[in-house]
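The values are calculated or read from the model by the stated rules, or taken from the named source; none is laboratory data. Please read these numbers as outputs of a predicted model, since none were measured by experiment. Neighbour counts are summed over all protein chains in view; Cβ atoms, including those assigned to glycine, are modelled from backbone coordinates with ideal geometry.
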Ligand code: FAD
Ligand code: DLZ
Ligand code: SF4
């Protein structure tokens, strides 16, 4: 009697449309889901991230059972939990004697390396299927990237627009421009606030998971007090409905704005659901396009939202697999400073950083411009070691998986890949943050003071960074002209900047808490 098909579903594959389940027969299939210690601790993930994944997994297992599937679900605290995907799979192969293991490729390098050993490890056939929740298959990305020295998202994105037909009218792109970013940089006006988004009260399953996390992951970063994430497809759809009804209109104009204490503004807050598999990226884009066609949202907002998904999200995933494993260790700017302790504690007089870190601790979330232009910009200017920054970003966000975190950190914010992804480093002085936020009004530092006591640290750090990397950046056609300003300042002013920056850098206490240390060191 041949055995059943065994379908392992990983924690970020929570969709009934996933390729490994599609085409299987309910009476001939066992779905395997595993809460494993290895995944929960390879870095010390934010407590909310672990609670979110376990809760969403448990809810998905119930959804599958209700739909008539057989699910073998292993909880973290089950007494014979083998602790790893491969260990649990070995146990399941013993228990179920499957004729076939059918699995969708893992999203991350670490897990895929293990997965590729499975055909040799197990006595049955193993099928590893492409993850077709992404629009651009990896061979297509690799072909696009072949022979290009610079991999610019904008050109990739146009290909994705043509491929999907989103905001296209035959060969014509809607409105005559591919990209409406120039309309999407409005500073926050006084009192800017977004409608409250739906918050999802923890049900019994989530409560149990929260207790488990409080107990077993006590020493992990972050607070569980405000756990409000959607944990089921239904809840995720409610979150998407609310975004399309109430916030997409202003999503574009205020995409780059930051307001102290307004943690979400007009952002969709859908990344956790997308990355878990609770929402389908293409479906969200079609809904955004419909909002535009129905006259409910302007083109700049809708195009901006669609570009984040079929542009950035698809692009960083392709970039990750195209550039791994080199991307993990790239450090083209030779950054050598350890991560400052305040990234973990939030204890800094810099109001912008303190607010972004508070939101990160309380919500396991910060929006894009906070990640890029505050937290990322500081790490770039201060020359923080890429591996330290990668670990921090991987730990602290509920939406963090290496395939999406690493390109954003290594290539987008730190320029550690030497410019394959970004045409110039996203370096900015306090002026940018002052323009795009209300942080500076409540800060101990002054954004208009350039050097010395009370000067915004971003100001001298900006010129320190530019000075350190002159050899490389002077040749850059987008940023090189800045050196004419530097030269015009004269040596005394330059010395002031460099001294102020050095003095500030000397005050930084390096992280001692080891929150992020990876198991592999
Ligand atoms: P919205 O602003 O509403 O955007 C809509 C969707 O577009 C997001 O849900 C996301 O799926 C996608 N998106 C937007 N920007 C990006 C981007 N740069 N890369 C990939 N997808 C994007 N996103 C993650 O999902 N996981 C991460 O670990 C992650 N790490 C990041 C690290 C840094 C340093 C930076 C600068 C960005 C990172 N991002 C990451 C991208 C982005 O910040 C988040 O996707 C976004 O803040 C999620 O909130 P939202 O759903 O409200 O996004
Ligand atoms: C992030 C994560 C965590 C914390 N725990 C688990 C887990 O116990 N079981 C599981 O299936 N998935 C988990 N995940 C998500 C996985 O890390 C994710 O599926 C991999 O990134 C795939 O490469
Ligand atoms: Fe941040 Fe500088 Fe503004 Fe303070 S003054 S909030 S450190 S940008």
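Take the residues in segment 420-435 that are surrounded by fewer than 18 Cβ atoms within 10 Å (Cβ to Cβ) and farther than 11 Å from residue 459 by Cα, then tell me which one is farthest from ligand 3 (Cβ to nearest atom).
423
I'd like to know if segment 479-489 contains one or more residues that are within 29 Å of the chain's Cα centre (by Cα) and surrounded by 16 or more Cβ atoms within 10 Å (Cβ to Cβ).
Going through segment 479-489, the residues within 29 Å of the chain's Cα centre (by Cα) turn out to be 479.
Next cut, surrounded by 16 or more Cβ atoms within 10 Å (Cβ to Cβ) only: 479.
Within segment 479-489, one or more residues are within 29 Å of the chain's Cα centre (by Cα) and surrounded by 16 or more Cβ atoms within 10 Å (Cβ to Cβ).
Every residue, every condition in (1) more than 10 Å from ligand 1 (Cβ to nearest atom); (2) in contact with a strand residue (DSSP E or B) (Cβ under 9 Å, 6 or more places away or on another chain); (3) at pLDDT 95 or above; (4) under 26 Å from residue 59 (Cβ atoms), yes or no:
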site	(1), (2), (3), (4)
269	no, no, yes, yes
272	no, no, yes, yes
275	no, no, yes, yes
282	yes, no, yes, yes
290	yes, no, yes, no
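If you scan segment 329-344, which residues turn out to be in a helix (DSSP H, G or I) and within 29 Å of residue 358 (Cβ to Cβ)?
Matches in segment 329-344: 342, 343, 344.
With the condition kept exactly as written, say whether any residue in segment 436-456 is more than 9 Å from ligand 3 (Cβ to nearest atom), in a helix (DSSP H, G or I), modelled with pLDDT of 95 or more and within 25 Å of the chain's Cα centre (by Cα).
The answer is yes, given that some residue of segment 436-456 is more than 9 Å from ligand 3 (Cβ to nearest atom), in a helix (DSSP H, G or I), modelled with pLDDT of 95 or more and within 25 Å of the chain's Cα centre (by Cα).
Would you check if there is a residue in segment 419-429 being in a loop (DSSP other than H, G, I, E, B) and touching a strand residue (DSSP E or B) at 6+ places or on another chain (Cβ under 7 Å)? Talk me through it step by step, then tell me what you get.
Residues of segment 419-429 in a loop (DSSP other than H, G, I, E, B): 419-429.
Cutting the leftovers down to touching a strand residue (DSSP E or B) at 6+ places or on another chain (Cβ under 7 Å) gives us none.
No - not one qualifying residue is present in segment 419-429.
Could you list, ordered by first residue, the pairs with Cβ atoms under 7 Å in which the first is in segment 436-455 and closer than 17 Å to residue 256 by Cβ and touching a residue at least 24 places away in the same chain (Cβ under 8 Å) and the second is within 16 Å of ligand 2 (Cβ to nearest atom) and in a loop (DSSP other than H, G, I, E, B), at least 6 apart or interchain?
Partner pairs satisfying both residue conditions: none exist.
Can you tell me which of (1) surrounded by 15 or more Cβ atoms within 10 Å (Cβ to Cβ); (2) at pLDDT 95 or above is the one residue 178 doesn't meet?
In the conditions (1) surrounded by 15 or more Cβ atoms within 10 Å (Cβ to Cβ); (2) at pLDDT 95 or above, residue 178 misses (2) alone.
For segment 34-152, give me every one of the strands (runs of 3 or more DSSP E) that falls completely inside it and has 3 or more residues that are surrounded by fewer than 18 Cβ atoms within 10 Å (Cβ to Cβ) and within 16 Å of ligand 3 (Cβ to nearest atom). Steps first, answer last, please.
Details: elements: 70-74, 100-104, 125-129.
So the answer is none; nothing clears 3.
Can you pull out the residues in segment 338-357 that are at negative phi and more than 13 Å from ligand 3 (Cβ to nearest atom)? Steps first, answer last, please.
Residues of segment 338-357 that are at negative phi, as a first pass: 338-345, 347-357.
Once the filter is applied, which keeps residues that are at negative phi and more than 13 Å from ligand 3 (Cβ to nearest atom), segment 338-357 yields 338, 339, 340, 341, 343, 344, 345, 347.
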